[in-house]
Structures are given as C-alpha cells and as structure tokens.
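Here is the structure we will look at.
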Amino acid sequence: MSFENVSPRGGKIERDSFGAAWLDWGGAGEPLVLLHPNGFCAGIYDPLARRLAGRYRVVGIDLRGHGASEDVVAPEILGNDDMALDALAVINHLGFEQFALVGVSSGGAVGAEIAAVAPGRVAALVLCEAIAIDARSSEIEHFVSSEDDHPLAVGARRRRDVWDDRATVLASFGSRAPLDQLDSAALAGYVRWGFRDRSDGRIELSCRPETEALVFGNSGRHGPVESFEALRRVAVDGRVPAAVLAGSTSGLDMAWFRAQAETLGVRLQIVEGGHFFLFEDIDRGVALLEENLTALEAVGSQARGLGGDR
C-alpha cells in the first residue's frame, strides 16, 4: 500500500499539565519516531514520512512549545529532558514498546535524552547534526551564554510572528537562506503545520519567537551539554545502535559531531549539504534513513541474539 497521498492524522494528550501533540502518517511496520529542529514542527518531515510509511509506522512529535503542542515561554521548563518526557508520553500513549528514533538538530538532542532514559526500547537512533555538545568543546560558550545573547536567539526574537496567509510565508521563506535550500515539499509541510490560524483571518507562528530564542540561548535549561552527557550514558549502556550524520556545509563545528560519533563508537557520516541536509533532497533523505535504519536494526538484532536481553 502506498501512503504518499495520505495526509497524517493529528493527536494530542496532556502530560504534566502540558499538551503534547503529534502527526501520525500510519504504516504497518515497526514504529519510527521523528523529532524536528528548534523552531519547526513535525510537519517538516511530511514528504519523508509519506515515503517511509510504506515500511514503518511513522509518527512525528511536536516538541514542547512547537507545532500543535502547548505554548511554553518559561526557560526552566523548556529543557531537552522535559521534551523527551513529553515525547515518551506520546510514544506510550500510542502503545509503542520498541521504536526507532530520528532527530535533526535540537530534535537529535531530545532523541539522545530519550535513548538515555529508555535504552531498552530504542531499536535505532539516527542523529542528524544533533545539538548535543561536549563541554570541552572550544565553541561551547555559544550555547551556554549567561546573557542569553546567542546570535540565533537574537535572530529568533526578531522573527516576524504574524503573516497574512501561508502563500505569503512560502514565498518569503522560500527565497531566504537557509530555508531556500529545503525541498519545496518539506518547506510546505512546515508552513502548513507550523502556523496557526488567528481570529482576525491572519496566521501566526505556532512556535513563539521567544520559545525558539530560549531554546537556542538560555543557560538555565537542560540543554546541549546535558544532552551530550545523555549520549555518554547511551554509550555506556550499549543497547542502542546509533548513527551520527553531519552536513558538509552546515557551518557548525564538526568537532561536535566527531565527539558524538567517538562517544558512541561509530563512524561520522558526512552528507553533502547544510544543517538541514535531511530536508534538502527528499530522495536522498529517504535513502539515508532507510540505509541507516536497516543497518542499525541488523546490529540490534545481532546483539539481542548474542546477549539475550542486552
């Protein structure tokens, strides 16, 4: 059965008084959970998810403060650990005992947190430019500024919040870096599910600019350094087959991703493209995920065969 023409179903539950939302593309295979970058939403995965649903049961989760999930603008409850527990609540609600995880950017950091607290349930972990940073990195100060002045946070606070309609957003975003590098269907998925309708007939960002800024810049939350420590726990536990991928032209410090790969004992895979390389070419993105998930599932099956419950 082809799922490429099937729109996802939305759902929402409450965890710890916060609404956690998701998109479900269906599929009859093993569960695959997709985690989006900061400022985006699960909808950015739409063209990838439609293709992958022929092989997996595909669900994308709107992280706390994003998409259709609850608005949050308090830094102390915008940590990657809180987002991971929200995601696990959704996963539990959907009845997934074991599942594969794919996380891009901050979504990868949340994936690391999930794998650390539920290692026996994560069948595969694919990290695409995950913002999980070894505290020894020379660039770490950019993500732990006590002044909340990370350049990306400054930019997020300046982001235009209210627009006339989605067509205007598509035209604007599609002409400006880095979103002009996205496949048009991925950008359309973000614009469709990453904005909400207002009572005055206009639309607004579902992820509040302040929310995006706080995730980028606030040192008072559970952030990139803590998520790297979560990866260390994943490595020590040894039950989660993992892959680490980075874009060749992303502009981020490649040492971050080398450290992740070294910690997990895997080879760093360099993919042509920028920070959002997974969404730049859908055919390539699907191939990358299928190749890595198949390989990791084989590793996991072999480990279980050799070590029982390990």
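Output the residue which, of all residues in region 76-103 that are of a type in the set (Gly, Ala, Ser), in contact with a helix residue (DSSP H, G or I) (Cβ under 7 Å, 6 or more places away or on another chain) and assigned to a helix (DSSP H, G or I), is farthest from Pro31 (Cα to Cα). Before you say what the answer is, go through the steps one by one.
To start, the set of residues in region 76-103 that are of a type in the set (Gly, Ala, Ser) comprises 79, 84, 87, 89, 95, 100, 103.
The next check asks that each one be in contact with a helix residue (DSSP H, G or I) (Cβ under 7 Å, 6 or more places away or on another chain); those that pass are 84, 87, 100, 103.
Subset that is assigned to a helix (DSSP H, G or I): 84, 87.
Working: Ala84: 17, Ala87: 13 Å.
The qualifying residue farthest from Pro31 (Cα to Cα) is Ala84.
Output the residue which, of all residues in region 192-207 that are under 19 Å from Arg158 (Cβ atoms) and under 17 Å from the mean Cα position of the chain (by Cα), is surrounded by the fewest Cβ atoms within 10 Å (Cβ to Cβ). Per the stated criteria, the residue is Ser206. Number of residues in region 22-42 that are in a strand (DSSP E or B) and in contact (Cβ under 8 Å) with a residue 60 or more places away in the chain equals 9. A residue that is surrounded by 15 or more Cβ atoms within 10 Å (Cβ to Cβ), among the charged types (D, E, K, R) and under 23 Å from Ala230 (Cβ atoms) cannot be found anywhere in region 269-282.
Rundown of residues vs (1) within 18 Å of Ala153 (Cα to Cα); (2) free of Cβ contacts under 8 Å to residues at least 24 places away in the same chain; (3) surrounded by 22 or more Cβ atoms within 10 Å (Cβ to Cβ), yes/no style:
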| residue | (1), (2), (3) |
| --- | --- |
| Glu70 | no, no, no |
| Glu76 | yes, no, no |
| Asp81 | no, no, no |
| Ala84 | no, no, yes |
| Ala87 | no, no, yes |
| Val90 | no, no, yes |
| Gln98 | no, no, no |
| Gly107 | yes, no, yes |
| Gly111 | no, no, yes |
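The criterion of at least 1 residues that are modelled with pLDDT of 95 or more and within 22 Å of Gly43 (Cα to Cα) is met by the following helices (runs of 4 or more DSSP H) wholly inside region 224-310: 282-307. In a residue-by-residue description of region 202-212, the property of being in contact (Cβ under 8 Å) with a residue 12 or more places away in the chain, out of contact with any His (no Cβ under 9 Å at 6 or more places or on another chain) and either on the phi > 0 side of the Ramachandran plot or among the basic types (Lys, Arg) (or both) applies to at least one position. Selection of region 142-154 for residues being modelled with pLDDT of 85 or more and surrounded by 14 or more Cβ atoms within 10 Å (Cβ to Cβ) yields Leu152, Ala153.
The values are calculated or read from the model by the stated rules, or taken from the named source; none is laboratory data. If you're wondering where the values come from, they're calculated on a predicted model, not measured in any experiment. Every residue, glycine among them, receives a Cβ derived from its backbone with ideal geometry; neighbour counts consider all protein chains shown.
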